[in-house]
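Coordinate-derived values only; no laboratory data. Predicted model, so just to flag it, every value in this text is computed and none were measured. Cβ atoms come from the backbone with ideal geometry, glycine included; neighbour counts cover every protein chain shown.
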Amino acid sequence: MTDRVSETADPLSTFDAVVWDLDGTLVRLLVDWDAVSVEVAGVFEAAGIDAAGRDLWEMLDLADESDLRNDVEAVIADHERDGAMRSERLSHADSVGRFDTEGVCSLNSESACRTALDVHGLTRHVDAVVGRDTVSARKPDPSPLLETLRRIGADPDEALFVGDSATDAEAARRAGVAFYRVGER
């Protein structure tokens, strides 16, 4: 599917339905992820659970196993919303609003996505937002992307997912959706 995208001068112009990743694609959230990890580790420590040596994603998995998901999610989402308020708009945000239907599918919390979209005046162009906390799975699982497509009424084989990471590319591949990877800006 990537070949279908890369053959055109403007790969975005061949699609009516586009799903955007948020952080690194439309905006750059200003989040100190090290501080988030320290605070999340503190949630586990307060609960008497050893989370030593785990990265943030591994701690999120441990939160599911330890019935701490809501507490951990609250800490992460709070930092993400603050980072969304101070986020930097990236050049691909200028393409939002050009398509018949558009959605956002992100590893960030839904509330942080909505905050960033509001801050940058993009909300009115986006028909659906699916964040890390909207569905039970997260990218690269295809479920969040497929849920976004369902909400915007688009078929996977007629849509494009625009993102900035290998995780985004894998989610698109697994969902059967064409993918366009944005470069570092």
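One table, with the values for the structure above:
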read-out: Hz values of 3J(HN,Hα) by residue in segment 64-72 - Karplus curve (6.51, -1.76, 1.60), Gly and Pro given as x; value: 5, 6, 9, 6, 10, 4, 4, 5, 5
read-out: Test item: Cα-centred dipole of segment 68-185, Lys/Arg +1 and Asp/Glu -1 on Cβ, debye; value: 60
read-out: Sorted by Cβ density within 10 Å, fewest first, the residues Thr115, Thr14; value: Thr14, Thr115
read-out: Cα-based helix-to-principal-axis angle, 143-152 vs the chain, degrees rounded to 10; value: 50
read-out: For the chain, built as a Gaussian network whose Cα springs stay under 10 Å, the top-fluctuating residue of Leu60, Leu30, Leu160; value: Leu60
read-out: Among Ala175, Ala46, Ala93, residue whose mean-square fluctuation peaks in a GNM of the chain (springs only between Cα atoms under 10 Å); value: Ala46
read-out: Spread of Cα-to-Cα distances over 5 Å intervals beginning at zero, given as percent, for segment 33-85; value: 5, 22, 38, 23, 9, 4, 1
read-out: Computed over segment 33-85: relative contact order in percent, which uses C-alpha pairs under 8 Å that are six or more apart; value: 38
read-out: Thr134, Thr123 arranged by Cβ crowding within 10 Å, fewest neighbours leading; value: Thr123, Thr134
read-out: Under Karplus coefficients 6.51, -1.76 and 1.60, residue-wise ³J(HN,Hα) of segment 108-118 in Hz, glycine/proline x; value: 7, 5, 4, 5, 5, 4, 5, 4, 4, 4, 4
read-out: Residue range of the chain that is longest and free of GluC sites (Glu not before Pro) which are both DSSP loop and sparsely packed (at most 14 other C-beta within 10 Å); value: 8-183
read-out: Whole-Å distance, taken between Cα centres, linking segment 109-131 and segment 24-67; value: 23
read-out: Among Ala47, Ala128, Ala17: highest mean-square fluctuation, GNM of the chain, C-alpha pairs under 10 Å; value: Ala47
read-out: Descending principal axes extents, segment 97-144, alpha-carbon based, whole Å; value: 27, 22, 12
read-out: FRET efficiency, 1/(1 + (r/R0)^6) with R0 45 Å, evaluated for Asp157 and Met85 via beta carbons; value: 0.75
read-out: The chain: radius of gyration and largest Cα-Cα distance (Dmax), Å; value: 16.6, 55
read-out: Segment Trp57-Ala35, length gained on full extension (0.36 nm per residue, minus Cα span); value: 6.5 nm
read-out: HN-Hα J in Hz across segment 125-132 - Karplus 6.51, -1.76, 1.60, θ = phi - 60°, x for Gly and Pro; value: 8, 9, 8, 7, 10, 10, x, 4
read-out: Cut-off under 5 Å, modelled amide H: who pairs with Ser109 long-range; value: Arg132
read-out: Long-range amide H partners of Val129 with built H, under 5 Å; value: Val104
read-out: Under 5 Å, built H, 5+ apart or other chain: amide partners of Leu30; value: Ala84, Arg86, Ser87, Glu88
